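Just so it is clear, none of the values below were taken in a lab; they were calculated from the coordinates. None of the values given here were measured: they were computed from a predicted structure. For neighbour counting, all protein chains shown are included, and Cβ atoms are generated from backbone atoms with ideal geometry for every residue, glycine included.
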Ligand SMILES: Cc1cc2nc3c(=O)[nH]c(=O)nc-3n(C[C@H](O)[C@H](O)[C@H](O)COP(=O)(O)O)c2cc1C
């Protein structure tokens, strides 16, 4: 990141903070405006912007847009760390394989998908520790609402769950409820099925959530699409440079997005 303004001698100055990441390695000819990629935003953008969207590199819908997010997020993380708040994300599932971080089995699954001109997705878990109780507000400004809105702004995120998430639906109340306790005058809960949030408000326990990342939409296999010039059905083979798996690259993005959102909440 080339920082243009807002930082002087290693400190933010209060002036607008502006950084630029110059993309010096583009191959716009890999992108075909008339053949929208299934699973990507090409057709939606074509319809919304009446054919005037910049399709090169996926335009505004490119994963590249997450670069600036990590720049802003890195700064927010530093401010949060001074308050004792830490954010860490990791891969917990990839191509259906469970694990604590990226494993050799997961890597093999990515390479296998690549060989078959295909792609795979996965799940990233994120934990935020050191959060004070009381952040977030009921209803629209709930901690879950705000984090969800932020996470769905990250391309390829298709789901989010907090704490025990969807599995809480299968639990009995006696298991799902987190027993409340006190030690040295400080409240805590003995389990954390609610992911550190009750009523949209942080309860002082670690805030935990998981996001589902879909498989990279741009795959080299032959796929069905339409030709926007002829308005006929057509097949498409993508020959661009696309990772067969986005998940490892999305880990710092999820941390950054969470940092921006959490810092905002602490400023409220
Ligand atoms: C870090 C990151 C990198 C990405 N790289 C690619 C890529 O190389 N090729 C691709 O087709 N999609 C890539 N994506 C996903 C697309 O940007 C995304 O699927 C698309 O914008 C459509 O949005 P949606 O999946 O949220 O509906 C990437 C996403 C992220 C977060």
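Structure notes:
- Each residue in 56, 146 was given a count of other beta-carbon atoms within 10 angstrom of its own, and listing them fewest first yields 56, 146.
- Kirkwood-based shape ratio for the range 162-222, expressed as Rg/Rh from alpha carbons: 1.23
- On Cα atoms only, tilt of 247-267 relative to the major axis of the chain in degrees: 50
- Estimated purely from DSSP H runs of n ≥ 4, each contributing -39500 (n - 2.57), the mean residue ellipticity at 222 nm for the chain is -8000 deg cm²/dmol once divided by its residues.
- Mean separation of Cα contacts under 8 Å (6+ apart) over length of the chain, as relative contact order %: 25
- Crossing angle, helix 66-82 versus the chain [Cα axis fit, 0-90 degrees, rounded to tens]: 10
- Relative to the dominant Cα principal axis of the chain, helix 104-115 is inclined by about 20°.
- The range 202-268 - convex hull of alpha carbons, volume per residue in Å³: 161
- With N as its number of residues, the range 35-124 has a Cα radius of gyration that, divided by 2.2 N^0.38 Å, comes to 1.47.
- Separation of the residue 86 and residue 142 label points, Cα + 7 Å toward Cβ, nm: 2.9
- Annotation for the range 93-160 versus the range 47-72: alpha-carbon center distance of 21 Å.
- Kirkwood-Stokes translational diffusion coefficient of the chain, alpha-carbon pairs, 25 °C, 0.890 mPa s, µm²/s: 118
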